1. Whether any residue in the range 21-40 is surrounded by 10 or more Cβ atoms within 10 Å (Cβ to Cβ) and over 22 Å from the mean Cα position of the chain (by Cα) is what I want to check.
2. If you take the residues of the range 67-77 that are modelled with pLDDT of 90 or more and loosely packed, with under 10 Cβ neighbours inside 10 Å, which of them is nearest to Asn2 (Cα to Cα)?
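The values are calculated or read from the model by the stated rules, or taken from the named source; none is laboratory data. Predicted, not measured: the structure shown is a model, and the values here were computed from it. Cβ sites come from the backbone with ideal geometry, for glycine too, and all protein chains shown count toward neighbours.
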Amino acid sequence: MNTSIQVEREVKQKLDELKNYPGETYNQLFMRMLEIMFETREELSSQTLKNIQKSLEDIKAGRVSSHKEVKQRLNLK
C-alpha cells in the first residue's frame, strides 16, 4: 500500500539534496536514512535513564534555572 505525505518546500529541497542520484526515490532515501539511524543508534544505559527521570522530576518541581540566572551566578557576561 502506498501513501502520500505533505512536506514544506524547504523540507523537499533538503531531501532532494540528500539523494545519492537524481533517480533515487523518496522511499529509497527514507529507507537509507532509517537504516543509518538504526545502525548508529545507541541504547541508553540504565543510569542515563535514571538521570533523565530525575531531570524531568526536577523540571516538574521547578528546580530549574534560566540561562540568564546561571550566567549571573557564574559571573559570565
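1. Kept after step one, since they are surrounded by 10 or more Cβ atoms within 10 Å (Cβ to Cβ), are these residues of the range 21-40: 24, 26, 28-36.
Next, only the ones that are over 22 Å from the mean Cα position of the chain (by Cα) stay: 24.
There is at least one residue in the range 21-40 that is surrounded by 10 or more Cβ atoms within 10 Å (Cβ to Cβ) and over 22 Å from the mean Cα position of the chain (by Cα).
2. Narrowing the range 67-77 to residues modelled with pLDDT of 90 or more: 67-76.
If we keep only those that are loosely packed, with under 10 Cβ neighbours inside 10 Å as well, we get 67-68, 73-76.
Numbers: His67: 46, Lys68: 49, Arg73: 55, Leu74: 55, Asn75: 57, Leu76: 55 Å.
The residue in question is His67.
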